[in-house]
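Structure first, commentary second.
The values are calculated or read from the model by the stated rules, or taken from the named source; none is laboratory data. For clarity, every value in this text was computed on a predicted model and none was experimentally measured. When we count neighbours, we look across all protein chains shown, and the Cβ atoms used for this are built from the backbone with ideal geometry, even at glycine.
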Amino acid sequence: MSAMVIRYPDLVPPNAFTQDELGWVPWLDPKPLDELTDEDYAALVERSRAASPYFRLLVRDPVVLGARTRADNDIFYNTDAGLARAERELSAAATSRTNGCLYCASVHSRFASIQAPARHGDVQRLLDDGIDGEQDDRWTAIIEAAAALTATPAHFGRAHVDALRAVGLDDQAIVDVIQSAAFFNWANRLMLSLGEPTG
């Protein structure tokens, strides 16, 4: 039996990038809470994720979700070396802005602002003006690298690495820019194909 597409005829989706918290609704049925197994909860990594329809949709393949969540956590929370958390979030926000994923852009721009509150206006400028908005040299290099990795086909190359080095990023920090952008380049496309944001 094929899955039925869920429609939301009364939904008026947001039409602008924002740091405000957005909701998200799936176009396919998430797994019901009362059907989640121990394997599902292990894949969710944090039990609180069961409240999210997005994660309950992804938990229909718990092995893939578990790998996805562990990779996500390691890229964004393992900050013993390399890029600061705010700039990892900036890379993900720039990727999401480039891909047009309003939901992911709201999440990662908000986290970038939380991690670097003095730069809230710079984060908002990324959302309002896009990747060409005025930023300092370091944030410009990160945003341009993330956007180049997001393009299909990718435009990322040596000039982006050189620009990142020129603003003080070492090898580990450059890898963190790449991982943050690459992960959300994939995650945006998944989220955009499985549902839509709500205000």
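Quick check on region 59-73. Is at least one of its residues within 23 Å of residue 182 (Cα to Cα) and acidic (Asp, Glu)?
From region 59-73, those within 23 Å of residue 182 (Cα to Cα) are 59, 61-73; that's our starting set.
Checking which are acidic (Asp, Glu) leaves us with 61, 72.
Within region 59-73, one or more residues are within 23 Å of residue 182 (Cα to Cα) and acidic (Asp, Glu).
Considering only residues that are assigned to a loop (DSSP other than H, G, I, E, B) and closer than 26 Å to residue 30 by Cβ, which ones fall in region 153-199?
The answer is 199, and nothing else.
Can we say residue 98 is polar (S, T, N, Q) and assigned to a helix (DSSP H, G or I)? Give the steps one after another, and end with the answer.
Working: polar (S, T, N, Q): yes; assigned to a helix (DSSP H, G or I): yes.
For residue 98, the condition - polar (S, T, N, Q) and assigned to a helix (DSSP H, G or I) - is met.
Among (1) touching a helix residue (DSSP H, G or I) at 6+ places or on another chain (Cβ under 7 Å); (2) in the same structural domain as residue 63 (by TED's automatic domain parsing), there is one condition residue 38 misses while meeting the rest; what is its number?
Evaluating residue 38 over (1) touching a helix residue (DSSP H, G or I) at 6+ places or on another chain (Cβ under 7 Å); (2) in the same structural domain as residue 63 (by TED's automatic domain parsing) leaves (1) as the failure.
Within region 2-51, how many residues turn out to be hydrophobic (A, V, I, L, M, F, W, C) and out of contact with any Ser or Thr (no Cβ under 9 Å at 6 or more places or on another chain)?
Within region 2-51, residues that are hydrophobic (A, V, I, L, M, F, W, C) and out of contact with any Ser or Thr (no Cβ under 9 Å at 6 or more places or on another chain) number 11.
Before we move on, is residue 52 within 27 Å of residue 176 (Cβ to Cβ), over 17 Å from the mean Cα position of the chain (by Cα) and of a type in the set (S, T, N, Q)?
Working: within 27 Å of residue 176 (Cβ to Cβ): yes; over 17 Å from the mean Cα position of the chain (by Cα): no; of a type in the set (S, T, N, Q): yes.
Spelling it out, it is not the case that residue 52 is within 27 Å of residue 176 (Cβ to Cβ), over 17 Å from the mean Cα position of the chain (by Cα) and of a type in the set (S, T, N, Q).
Look through 154, 159, 148 and report the one residue that is of a type outside the set (Ser, Thr, Tyr) and touching a residue at least 12 places away in the same chain (Cβ under 8 Å).
148
Answer yes or no as to whether residue 28 is assigned to a helix (DSSP H, G or I) and under 23 Å from residue 4 (Cβ atoms).
Values: assigned to a helix (DSSP H, G or I): no; under 23 Å from residue 4 (Cβ atoms): yes.
Against the criterion (assigned to a helix (DSSP H, G or I) and under 23 Å from residue 4 (Cβ atoms)), residue 28 does not qualify.
Is there a residue being under 22 Å from residue 151 (Cα atoms), of a type in the set (Phe, Trp, Tyr) and in contact (Cβ under 8 Å) with a residue 24 or more places away in the chain anywhere in region 68-79?
Within region 68-79, one or more residues are under 22 Å from residue 151 (Cα atoms), of a type in the set (Phe, Trp, Tyr) and in contact (Cβ under 8 Å) with a residue 24 or more places away in the chain.
Within region 37-76, restricting attention to residues that are of a type in the set (Ser, Thr, Tyr) and surrounded by 14 or more Cβ atoms within 10 Å (Cβ to Cβ), which residue is nearest to residue 174 (Cα to Cα)?
Taking the candidates together, the pick is 69.
Among the listed residues 71, 105, 92, 112, which satisfies the condition of being touching an Asp or Glu at 6+ places or on another chain (Cβ under 6 Å) and assigned to a helix (DSSP H, G or I)?
112
For residue 111, state whether it is touching a Leu at 6+ places or on another chain (Cβ under 6 Å), in the same structural domain as residue 180 (by TED's automatic domain parsing) and surrounded by fewer than 21 Cβ atoms within 10 Å (Cβ to Cβ).
no
Being of a type in the set (Lys, Arg) and surrounded by fewer than 13 Cβ atoms within 10 Å (Cβ to Cβ) narrows it down to one of 189, 165, 158, so name that one.
158
Would you call residue 177 of a type in the set (Val, Ile, Thr), in contact with a helix residue (DSSP H, G or I) (Cβ under 9 Å, 6 or more places away or on another chain), surrounded by 14 or more Cβ atoms within 10 Å (Cβ to Cβ) and free of Cβ contacts under 8 Å to residues at least 40 places away in the same chain? Walk me through it before giving the result.
Numbers: of a type in the set (Val, Ile, Thr): yes; in contact with a helix residue (DSSP H, G or I) (Cβ under 9 Å, 6 or more places away or on another chain): yes; surrounded by 14 or more Cβ atoms within 10 Å (Cβ to Cβ): yes; free of Cβ contacts under 8 Å to residues at least 40 places away in the same chain: no.
For residue 177, the condition - of a type in the set (Val, Ile, Thr), in contact with a helix residue (DSSP H, G or I) (Cβ under 9 Å, 6 or more places away or on another chain), surrounded by 14 or more Cβ atoms within 10 Å (Cβ to Cβ) and free of Cβ contacts under 8 Å to residues at least 40 places away in the same chain - is not met.
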